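Here the structure is laid out as structure tokens; the discussion comes afterwards.
The values are calculated or read from the model by the stated rules, or taken from the named source; none is laboratory data. Note that the structure is a prediction, hence the values are computed from the model and not measured. Note that we place each Cβ from the backbone using ideal geometry, even for glycine, and neighbour counts take in every protein chain shown. Remember, those area values only see protein heavy atoms, side chains included, never the ligands or the DNA or RNA. Shrake-Rupley method; radii C 1.70, N 1.55, O 1.52, S 1.80 Å.
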Amino acid sequence: MSTVFEKALCKRIKETPPSKIRKFFDLVVSTPGVISLGVGEPDFTTPWHIREASFYSLEKGYTTYTSNKGLIELRRAISKYLTKFDLEYNPEDEVLVTIGVSEGVDLAMRALVEEGDEILVPDPSYVSYSPLIGLAGGKAVPLKTSGKDNFKLTPENLEAAITPKTKALILTFPNNPTGAILTKPELEKIAEIVIRHDLIVISDEIYAELTYDDVHTSIASLPGMWERTILLNGFSKAYAMTGWRIGYACGPETIISMMNRIHQYSILCAPVTGQLAAIEAIENGYKEMREMVISYNYRRNSMVSGFNRIGLDCGLPQGAFYAFPSIKSTGLSSDEFAEKLLVAEKVAVVPGTAFGEMGEGYIRCCYASALSDINESIKRMERFMQNLDKDTQKVSNQ
Amino acid sequence: MKDLKSCVLELLEQNSRLPIEEMACLLNASMEDVAAIIDELENSRTILKYATIIDWEKTATEKTNALIELTVAPEREFGFDKIAERIYGFSEVKSLYLMSGSYDLAVFVEAENFKDISLFVAEKLAPLNAVKGTKTHFIMRKYKEQGVPYKSEDTVKRLVVTP
Ligand SMILES: Cc1ncc(COP(=O)(O)O)c(C=O)c1O
């Protein structure tokens, strides 16, 4: 404890809640022998050709700073890659290489948010948006999505959340934790509202390659949207490169240059080794990436059918690598379910509420896990549910 | 995605002991459909055999392997097929491929020891009329077999809970 710092800390950071995931993490770490479905990253190591390319770059002595915006070769490769989503960005000034999508979100918020601005954030969704909006001085307004709509963002809910203070909307589909996606016709309805209210969209498309039944559509490719969208994407999920910390932000030069202004002072540039590995990934990584997606697809089917078999209602997630089963039938809250399951059966899942209020009644389970772990955890969860039933019968018999 | 047949083959190539029930689950297909596909693949000899990859070094069994490069004179009408059949008939021959380049047939042989392989080459392969020359390379160490490294990869632990 330092009372000096206690006094010195700024209000914004004191008002930022710690990540709920963190608390749960500590609990899991202190329980030995856990099978964890609580991870948020691929279970593959980065494909060898990418690792090998980075050894080569080190051997050749590529160990310097790069341009603030990132290596032009990487920006060109990103620009070329994005044409597959009907997107055109000039690699010179419309692409910025960031330290993962995480930094991209922070830059976008800091470049856009004025004290009191409202930013709409789908609920549930990835944990970093709301705190970063708060740190930038804005107000995160949850946009409810619910199980009955397969956690899709509906035009009605969007329209209802917009006020005169609304500046931007964060779109994050395929979604972590729900696995929901938005199809082109669904995005068109969202785009119409966004344009009518003259809003900005920050679209986190980090799971764009991880869809199973439909191909991904980027909202930036719809008419009238390019000029009002910041597209965020990165290498973490598709290429199993979470530890390399490489992502990118694309958009009109007006916004990208300002995001770069923050980035040049706080980050300088993304690590060069990661950038060179990213070039190898984006240029030659398609085949191995698809193999990983196919493998996730198998495990998705397996996990989802397992949940439904043991009485946890679970829709087939369309993207990312998370199943989001409902645990409402047990009568427990998400937090209770996750904690009791951990204690009783040593299976770690993330309570849906870690991702927003609308996650209540659900748990997030990552199927980028070994098949044997998936099967074993479903067995344990089945036993857990049966014991719950017995307990409630005992209680009602008393 | 891919058709069911290719998916079944890929899964079996990875693990030929995968139960049909589990395979049906992974593929979101019925057990009947998967079983029918496997039957068809076996009957058409698309699936030749279900084998196991073994690290014999970890056992008491002695095994020596060699690659023998053969140059052969092809036969009129039959090309290389007749001589290939003569060669792959020997139980010592584990694999046999027709190659482009400086020799014709690559013969992978396995026997208990060095001497048995030498004898096999000297007494069975070299005397064949069509065989013009042999070059025997003993395999000193195996690193990877049918896509599987002998050494297990160190597994890097992911954090147990991440956002
Ligand atoms: C939706 C979403 N966005 C961003 C991130 C962070 O990505 P990066 O590794 O590129 O910072 C994650 C990681 O879990 C995520 O799920």
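For A:Asp214, which of the numbered conditions (1) at pLDDT below 95; (2) within 28 Å of A:Ala270 (Cβ to Cβ) fails to hold?
The number of the failed condition is (2).
Restricting to region A:29-43, name every residue that is in contact with a helix residue (DSSP H, G or I) (Cβ under 7 Å, 6 or more places away or on another chain), at the interface with another protein chain (Cβ under 7 Å from one of its Cβ atoms) and surrounded by 20 or more Cβ atoms within 10 Å (Cβ to Cβ).
Result: A:Ser36, A:Gly38.
Return yes or no: is A:Pro131 outside any loop (DSSP other than H, G, I, E, B), within 14 Å of chain B (Cβ to nearest Cβ), open to solvent by 30 Å² or more (accessible area, probe 1.4 Å) and under 25 Å from A:Ile255 (Cα atoms)?
So A:Pro131 fits the description; yes.
Assuming A:Ile294 fulfils every condition listed in (1) closer than 30 Å to A:Ser79 by Cα; (2) in contact (Cβ under 8 Å) with a residue 12 or more places away in the chain; (3) out of contact with any helix residue (DSSP H, G or I) (no Cβ under 6 Å at 6 or more places or on another chain); (4) aliphatic (A, V, I, L, M) apart from one, which condition is it?
The failed condition is (2).
Does region A:181-192 contain any residue that is under 26 Å from A:Lys20 (Cα atoms) and within 11 Å of the ligand (Cβ to nearest atom)?
No; the residues of region A:181-192 include none that is under 26 Å from A:Lys20 (Cα atoms) and within 11 Å of the ligand (Cβ to nearest atom).
Identify all residues within region B:115-155 that are basic (Lys, Arg) and exposed (fewer than 10 other Cβ atoms within 10 Å of the Cβ); write none if there are none.
B:Arg141, B:Lys144, B:Lys151
Hey, any hits in region B:129-147 for a residue that's closer than 30 Å to A:Thr46 by Cα and acidic (Asp, Glu)?
yes
I want to confirm something. Restricting to region A:350-386 and keeping residues that are farther than 14 Å from A:Val304 by Cα and assigned to a loop (DSSP other than H, G, I, E, B), which single residue is least open to solvent (accessible area, probe 1.4 Å)?
Of everything passing the filter in region A:350-386, A:Gly361 is least open to solvent (accessible area, probe 1.4 Å).
Keeping to region A:209-228, report how many residues are away from the ligand (no atom under 16 Å from the Cβ), touching a strand residue (DSSP E or B) at 6+ places or on another chain (Cβ under 8 Å), more than 14 Å from chain B (Cβ to nearest Cβ) and not aliphatic (A, V, I, L, M).
Of the residues in region A:209-228, 1 are away from the ligand (no atom under 16 Å from the Cβ), touching a strand residue (DSSP E or B) at 6+ places or on another chain (Cβ under 8 Å), more than 14 Å from chain B (Cβ to nearest Cβ) and not aliphatic (A, V, I, L, M).
Restricting to region A:97-125, name every residue that is away from the ligand (no atom under 11 Å from the Cβ) and in a strand (DSSP E or B).
Passing the criteria: A:Val97, A:Glu118, A:Ile119, A:Leu120, A:Val121, A:Asp123.
Sort out which residues of region A:307-349 are open to solvent by 10 Å² or more (accessible area, probe 1.4 Å) and aromatic (Phe, Trp, Tyr), and write them in order of number.
The answer is A:Phe324, and nothing else.
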